[in-house]
Amino acid sequence: MSAADATSAADAMSAAGTAGTAGYGEAAEQLAVQYESVAFTEVHHSLLHLYPAAPAAVLDVGAGTGRDAAALAALGHRVVAAEPTPELRAVGRRLHPDADIRWVADALPALPRLSAEGERFDLILLTAVWMHLTPAEGPPAMDALGRLLAPGGRLALTLRHGPVPPGRRMFDLPPEHTIALARARGLRLLHRGARPDLHGREGVSWTELVFGRGQ
């Protein structure tokens, strides 16, 4: 796929919306309040020691309103924020206008625009994103992430467990499923942890996974 074709595909996907992002565009303003009410350090505190030192090339997949992207940029990283929902990208640009973030309309499982650009990243984040993929989308998504991860890079993602909100598409898969997908693509598990839901939603909890690629 050429860069032009990838751009067209990503733009079409963004414009039409994807099944995994259903319900997010119309709720962008409310979600911004929710997302920004929790600090980057609260969400990532148990993982920060595994993240590369600045400056590093960072990709935040499903960046939402840019909370994490802005925090990472403030630390001196070069950050690309991939967010397929136009409304969330617009809110992110408004809330973090001074952050050194490159916003991109792109989405899993293929990440066509970023895949066509060919840049590789030292850190890839998927915070509250992986649960939107169907079991069939997991393998191609991990393929795309593996191609984008630089030698020595880290892939950090969270898995959501618990009831699915009305109007959303989410899948509660066991961590072993994702670990196996990563291992099959040469990614080694560096960290597995658990934490409660930081927004206090009843019955919701999270698994944290960090994978590494050898030099």
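Results, tabulated for the structure shown:
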| quantity | calculated |
| --- | --- |
| Inter-probe distance in nm under a simple model that places probes 7 Å from Cα toward Cβ, at residue 74 and residue 164 | 3.5 |
| Segment residue 53-residue 192, extension gain: residue separation times 0.36 nm, minus the distance between their alpha carbons | 48.0 nm |
| Euclidean distance between Cα centres, region 85-142 to region 144-187, Å | 13 |
| In nm, spacing of pseudo-spin labels at residue 205 and residue 41 (7 Å Cα→C-beta vector) | 2.7 |
| Carbon plus sulfur fraction of accessible area for region 117-215, probe 1.4 Å, in percent | 55 |
| Nonlocal amide H pairs with residue 121, under 5 Å, H built at 1.01 Å | 149, 150 |
| Global geometry of region 61-166, whether rounded, prolate or oblate, following the gyration tensor of its Cα atoms and the 1.5 cut on a/c | oblate |
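The values are calculated or read from the model by the stated rules, or taken from the named source; none is laboratory data. Quantities reported herein were computed from a predicted structural model and do not represent experimental measurements. Note: ideal-geometry Cβ built from the backbone for every residue, glycine included; neighbour counts use all protein chains shown. Note: areas computed on protein heavy atoms with side chains; ligands, DNA, RNA excluded. Shrake-Rupley method; radii C 1.70, N 1.55, O 1.52, S 1.80 Å.
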